[in-house]
Each structure stands twice: as C-alpha cells, then as structure tokens.
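Okay, structure first, notes after.
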Amino acid sequence: MEAVFNSARRACYAGLDSVTLRREIANRVSAAISFDAHAFSTCDPDTGLMTHTVAEGVPTALARDYVELLYPTTLARVAMDLPRIGVDVYSMAHESPEARSVLRSHGIEEQLHTSISAGGRLWGTWCLIRASASSSTSTRDYPFLRRLAPHLARGLQSAALIDRALAHEKDSGDEDVPGVLVLDSKNRPTLRTRMVARWLEDLRDVGVSMPHDIPVSLASLAYQVRASRNAGQDEEQVRVRGLSGRWYTLRGTLAEPDEHGDRSVVVVVRPSMALEVAALLTQLYGFSAREREVVAAVTRGDATKAIAAAIGVSPHTVTEHIERACYKLGVRGRKALIAKLFFDGYAPRLRQEKRTIANPTA
C-alpha cells in the first residue's frame, strides 16, 4: 500500500496534463484498491459541475442515470459540502438513498467517492465502483484515499495550468466563434451549429459516452438548468476545459414551452475570454480571497487608491496584496502580473494580430 501511495503521489507532481494524470492515478492506485469501473472528473470550482470525465468500465446507461437523476440535483452539493466539514472520502450510496437505488439497479453494491478540493473549492471527483462489497473498504481504502486526496488536488490544479499552456502551443489563431446546441425535453439534439460541433469534439470525454455524443459536462448543465427552474432560475453557466486545454464557457437557458408544454434547453458554447480565464487562474495559483479581489481590480486597470477605497483598506495594504500575488506568479510589478495572467496565455492570438507585448519588470 505504501509503495502504491508513493507512486500515485509522485504522479501528482510529475507535470502531467489532466487526462494523462487521471489515467496514471487510476492505473497506479488499482494495484492497491480493487474496482470494477471508475469515473474521474474535473469540476468547475464555483458550481461543482463536472467539466470533463476520464472513465473506464462505466456503461452508458449508468452514466446517463448518474447525470440525469443524481449529480446535478443532489450529488454535486454533497461533493462540495462534505469536504467543508472534513469528509473527502465517502460513499454516495450511504449519503443518498436515490444514489443507492440507482447504483443497485445497475448491479453495483459498493461505491467509493473522493471529493478533491483545495481552498474551499471542488476541483474534481473520483468515483470507484465495485459490483460486490469488499471487507477492505473501511480498514484500508478510506485511509489510503484520504491521504492521497490533497495530493490529487494539487495535481489537478497543476494539470489545469499545463493544459492551458499546451492549448496555446496548439492555438491556430481560429476565431473564437460561439456555437449553439438545442436539446429537446429528452436531451436529444434538435439543432447543432457548425461551430458547436467543433467545440463539442474538443469537449468529448474519455472512456465514457452519453447518448447522441453529448459530453457529460454539457448533459449535466442541461439537467441543472431543468432542475433550477423550480427555484425560478432559467439559466445556468459553467466553465469547462477541452482535451486541447482550451477553456470554454457554457451557458444553458430554458426555451419557452412548446404546444405540449415541453421546454428545450439552448446551450451556447464559446471559448472563454481572457478575463474569464485570468479570474480562474487566480484560484489555480493559490491566491487568497482578498488577493483574488485585488488582482481582479488590477486586471481591470483600477489604480491602487481606487482599489483601496473600494475594499476599505489602505493603499499600502493593496500594494502588499499585489506583491504577494506577484511572488506566487514569479513576476514583478503590475504589468508583469497582467502579462502572466492575461497576455502571455494569449500570445499566439496576439502574434497573429501582429501586436508586440513587452515583458515588463516594474
């Protein structure tokens, strides 16, 4: 067990991209923990919704029921809330009667769920599935996964940054045109624009498929939109990351009812803008809440005195927050901070536009 733990921990710090990291962790951990199938998902840290899934052995019918009946309505909240009280490894079957019923209907007796969180935000979930119960679950598996969870969190955060860097290396300068997908009341596509087909190819999952080739992240968003209408909400938004490493923003909206009272969901898929990605990176780099607030104001171009007045601190304190943020990014000064979060990541596009960006060291 210790040798497997050390091997899995090393993978978390090996500088792997997100898909490779999740595959490596599953392969290495399988030497110590037995499972018949698994699904390892990254999550949007703000909403808890799944953004991409790497799986093995998960039947399409189970994936569909998990997305449609369980995760957006109930289990996403469980996955986000339990780590806040110190519980990051548990069984969804124990936490939710609905989950237990669905899992047993598919012949699954045991499920281990790991919420991978850092800084109070959910970065991923790992679901291990067994057809029969194992006596090692409580004595060996839970402690093993609890020890590994914080390393997985750091690995997923690092992988997100690596994915982003790889995406820019592959960037061909194509236009960031939104795509539109319309799903009927049974989540069947009734309209698919040319650009959305292209973006969905990048968003496809690994090792698991949903009906009509709809990615898990998008199907999850559509069901969240339908569930939220009971609370008076007709729109939901989530950030997801494609296989290329590019970030996307998905916005789902309920359409007006048809003559039968059924309502379609209109999903707009577009590559995320620089400012949206910069805001997410402040979380990936481990900024505090106050540092994120100050850096967001810096990226908007606000002056130090204006930031201080807006958040009720002294200009000196604002300067200290900026300096700490620069230290975490390995840069010096406001301009270099913005370049790191913002322009450097979009250098391929800016080069195509024949702009020249200096490398300031204020």
So A133 fits all but one of (1) small (G, A, S); (2) in a helix (DSSP H, G or I); (3) surrounded by fewer than 16 Cβ atoms within 10 Å (Cβ to Cβ); what number is the exception?
-> (2)
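Have a look at G124, G120 and point out the one that is surrounded by fewer than 19 Cβ atoms within 10 Å (Cβ to Cβ) and within 30 Å of V277 (Cα to Cα).
G120
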Could you tell me whether any residue of the stretch 93-102 is surrounded by 21 or more Cβ atoms within 10 Å (Cβ to Cβ) and in contact with a strand residue (DSSP E or B) (Cβ under 7 Å, 6 or more places away or on another chain)?
-> no
When the stretch 186-205 is checked residue by residue, the ones that are loosely packed, with under 15 Cβ neighbours inside 10 Å and in contact (Cβ under 8 Å) with a residue 60 or more places away in the chain are T190
State which residue is nearest to the chain's Cα centre (by Cα) when the search covers only the stretch 248-278 and only residues that are modelled with pLDDT under 75, under 18 Å from P45 (Cβ atoms) and surrounded by fewer than 18 Cβ atoms within 10 Å (Cβ to Cβ).
-> E276
Hey, could you check the stretch 48-78 for residues that are hydroxyl-bearing (S, T, Y) and under 21 Å from V89 (Cα atoms) and say which is modelled with the lowest pLDDT?
-> T73
Might you check whether a residue that is touching a Phe, Trp or Tyr at 6+ places or on another chain (Cβ under 8 Å) and either under 30 Å from V182 (Cα atoms) or at pLDDT below 90 (or both) occurs anywhere in the stretch 346-356?
-> yes
Taking the stretch 112-139 and keeping residues under 12 Å from the mean Cα position of the chain (by Cα) and modelled with pLDDT under 90 leaves R121, L122
Just a yes or no: is a residue in the stretch 220-243 among the polar types (S, T, N, Q), out of contact with any strand residue (DSSP E or B) (no Cβ under 7 Å at 6 or more places or on another chain) and over 30 Å from A37 (Cβ atoms)?
-> yes
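The values are calculated or read from the model by the stated rules, or taken from the named source; none is laboratory data. Every value quoted in this text rests on a predicted model; they were computed, and no experiment measured them. No Cβ is skipped: glycine too gets one built from the backbone with ideal geometry, and neighbour counts run over all protein chains shown.
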